[in-house]
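Comments concern the structure below.
The values are calculated or read from the model by the stated rules, or taken from the named source; none is laboratory data. Being a predicted model, the structure only gives us computed values, none of them experimental. To get the accessible areas, we keep the full protein, side chains included, count just its heavy atoms, and leave off ligands, DNA and RNA. Shrake-Rupley method; radii C 1.70, N 1.55, O 1.52, S 1.80 Å.
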Amino acid sequence: MHQFVNPKGSHKPQGAYSHSVKVPAGAQWLVIAGQVGIDPKGKLQNGIRKQAEQAFRNILACLKENGMAKKHLVKFTVFLTDPRNVDDYRAARKKVIGDATLPASTLLIIDGLASPEMLIEIEATAAKA
């Protein structure tokens, strides 16, 4: 089982994440490419909240296809194109991922993604012992 650790010598996480995750030896790793707000029919969702929710649903689909679940997530890297969208990103994460899953996480504000209409991209790493 993963150990989600927030060191005593560090500040409390600023959001729904853990500062570190210890994965047991022999775990099966899954690296998920950056997911954007495009649904299975190829349609980019409108607005940051819907794009973020779809990106998280795409991550869950990757986990399921590989025999994993939310509990196996160990790391998110989130790319946002506008700092004003942080609250909407967090609300989407809470809706799709929930409060019980707290992988390590990095949030970056960037100038742009592959398409100007894309507002968020999320990479994920999972491990199953």
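Residues of the range 64-104 that are under 15 Å from Q35 (Cα atoms), outside any helix (DSSP H, G or I) and within 11 Å of the chain's Cα centre (by Cα): L73, K75, F76, T77, V78, F79, I97. Of all residues in the range 43-59, those satisfying the criterion of being under 14 Å from the mean Cα position of the chain (by Cα) and open to solvent by 40 Å² or more (accessible area, probe 1.4 Å) are R49, R57.
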